[in-house]
Number of protein chains: 2
Amino acid sequence: MATPVESAPTKQRILDSTAAQFMRHGYTGTGLKQIVAAANAPFGSLYHHFPGGKQALGVEVIHRSGAMYGDLVMSVFDAAPDLLTGVHDCFEGAAAVLVATDYADACPIETVALEVASSNEPLRVATAEVFESWIVSASARFRAAGLDDSTARELAIAFISLLEGAFILCRASRTTEALEAAGRTAAVVVEAALRDAGVS
Amino acid sequence: MATPVESAPTKQRILDSTAAQFMRHGYTGTGLKQIVAAANAPFGSLYHHFPGGKQALGVEVIHRSGAMYGDLVMSVFDAAPDLLTGVHDCFEGAAAVLVATDYADACPIETVALEVASSNEPLRVATAEVFESWIVSASARFRAAGLDDSTARELAIAFISLLEGAFILCRASRTTEALEAAGRTAAVVVEAALRDAGVS
DNA sequence: GTCTATACTTTGATAGAC
DNA sequence: GTCTATCAAAGTATAGAC
């Protein structure tokens, strides 16, 4: 995902390169020239595959990266023996990736989401769609554990908020303290909800 | 804070203008020409007051905005009758500001923090210092309520993470749902901690 | 579809008159 | 301290040969 594969088609290399740079430098901080350079693609190919220019490329990358990251998180839940362990593993896994990438790879769309929220409506909508899809996916996990719809959705939002917020603190401080604290907090909240619902 | 006062000194108008634009468009998305234009200041004045250029201006704005926002949050705690109400009021007040500013004014440094985390070390350090000062301030409130040091710090980090993460979801979706969910979650966690400590 | 060259705009930054 | 003019570089986007 971070390193474009040499043999992949040009369009895919451009998408991968853009996704990697958005995560590190954001939307306005990533130049089209840097994108094609890292993708080993000629400049003209970018506008051939994305006639809509930087904005169209951005929308596609947000949807793509968002879907991939959502799948990644859901696979962590799948691999865990129970919900509580799954929640814990998400934060622990995120911290491990952060350390392994020198605090560069956190959420693939949060930086872009904040940058475009008040200045680029198509991109803002794209990030909103991704976040909503994550909320829906996570809610399904909480419902499957026996929680009612509104509790499940509220927990899903709290789970994602804790993860995204901790990412900011961790990348700024270059420590994993926030993800550890947020992970324990998420576990406490989920455990309390399960207890209240009588399914624990 | 958002609208530079006409009568304020030039340097202060530049700082206010920069703070307002950083919140909406981020660091790379804010041009120096836009800053002086919104500040009603000539271009040369910027480099007269900030010989270090955009980066030096950015560092000063981060520290200034960070201190002001930290004070604002602490004043909400001061005005509340108890800790739990204070926590609740922070999320409710943040949601009100978000709606009043058309989902533009959330945290003054989170967008910049993510943008510069992997590309501009002096700015990254500035954002880290601000976040740490907030953690220390919030921890003091939790300790004052009777919690031990490590619990207080963990709750402070969770509190800030929930707030920052919810800001992202709210600005992207243009709804206050996430701040409401995160606020209720924060209250649940703090209440549980107080109960566990036997001070509730 | 691939690739090069270039147009046009905006960026951060500087020089120097007042 | 204020203000204007200008620089070199980087930004997005386009034209057109191959």
With Cβ to Cβ distances under 9 Å as the rule, what net charge do the other residues near B:E180 carry (K, R +1; D, E -1)?
-> -2
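Please compute the per residue accessible area over the range B:54-197 with all protein chains in place, 1.4 Å probe, rounded to a whole number of Å².
Working: 5180 Å² over 144 residues.
Dividing the accessible area of the range B:54-197 by its residue count gives 36 Å².
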To the nearest 500 deg cm²/dmol, what mean residue ellipticity at 222 nm is calculated for chain B from DSSP H runs of n ≥ 4 alone, each contributing -39,500 (n - 2.57), summed and divided by the residues?
-> -25500 deg cm²/dmol
Per GNM of chain A with C-alpha springs under 10 angstrom, the most fluctuating residue out of A:L98, A:L32, A:L123 is A:L32
For B:K33, counting only lysines whose alpha-carbon sits under 16 Å away and dropping same-chain residues fewer than eight positions off, the answer is B:K11, B:K54
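Can you give the accessible area buried between chains B and A, summed over both chains, with a 1.4 Å probe, in Å² to the nearest 100? Don't skip to the answer; put the middle values down first.
On the way: alone 9800 and 9820 Å², together 15960 Å².
Approximately 3700 Å², summed over both chains.
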For the protein assembly as shown, what value does the Rg/Rh ratio take when both radii are computed over Cα atoms and Rh is the Kirkwood radius, given to two decimals?
-> 0.98
Label zone at A:R174, where the point sits 7 Å out along the Cα-to-Cβ direction: the range A:10-28 residues whose backbone N lies under 17 Å | A:24-25
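For A:D149 and A:M68, what does the FRET efficiency come to when R0 = 22 Å and r is the distance between their Cβ atoms, rounded to the nearest 0.05?
After rounding to 0.05, the efficiency reads 0.25.
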Name the chain A residue with the Cβ nearest the axis that maps A onto B: which is it, and what is the distance in angstrom?
-> A:G165, 2
Can you figure out the FRET efficiency of B:A8 with B:T85, using R₀ = 30 Å and their beta-carbon distance, to the nearest 0.05?
-> 0.30
Per-residue HN-Hα couplings for the range B:90-106 [Karplus 6.51, -1.76, 1.60; θ = phi - 60°; Hz; x = Gly/Pro] | 4, 5, 5, x, 4, 5, 5, 5, 4, 5, 5, 9, 6, 6, 9, 8, 10
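Using +1 on the beta carbon of Lys and Arg, -1 on that of Asp and Glu, and nothing else charged, what's the dipole of chain B about the Cα centre, debye to 20?
Working: 14 positive and 23 negative charges, 136 e Å.
My answer is approximately 660 debye.
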Can you tell which of A:S118, A:S161, A:S65 shows the greatest fluctuation in a Gaussian network model of chain A with Cα springs below 10 Å?
-> A:S118
Carbon and sulfur atoms: what percent of the 1.4 Å accessible area of the range B:54-197 do they account for?
-> 55 percent
Charge sum, other residues only, whose C-beta stays under 11 Å from B:V76's C-beta, Lys/Arg counted +1 and Asp/Glu -1 | -3
Distance in Å, no decimals, from the C-alpha centre of the range B:169-200 to the one of the range B:1-79 is 31 Å
Provide a whole-number value for the mean count of partner chain Cβ atoms within 10 Å of the Cβ atoms in peptide B:26-34.
-> 4
Taking the label point 7 Å from Cα along the Cα-Cβ vector, the copy-to-copy distances for B:T85, listed from shortest in nm with one decimal, are 4.4
Please report Rg over Rh for the range A:58-196, where both radii come from the alpha carbon positions and Rh follows the Kirkwood definition.
-> 0.96
Of the range B:150-173, those with amide N under 20 Å from the point 7 Å along the Cα→Cβ vector of A:V136 are B:169-173
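The values are calculated or read from the model by the stated rules, or taken from the named source; none is laboratory data. No experiment lies behind these values; they were computed from the predicted model shown. Counting neighbours? That spans all protein chains shown, and the Cβs are built from the backbone with ideal geometry, glycine included. To get the accessible areas, we keep the full protein, side chains included, count just its heavy atoms, and leave off ligands, DNA and RNA. Shrake-Rupley method; radii C 1.70, N 1.55, O 1.52, S 1.80 Å.
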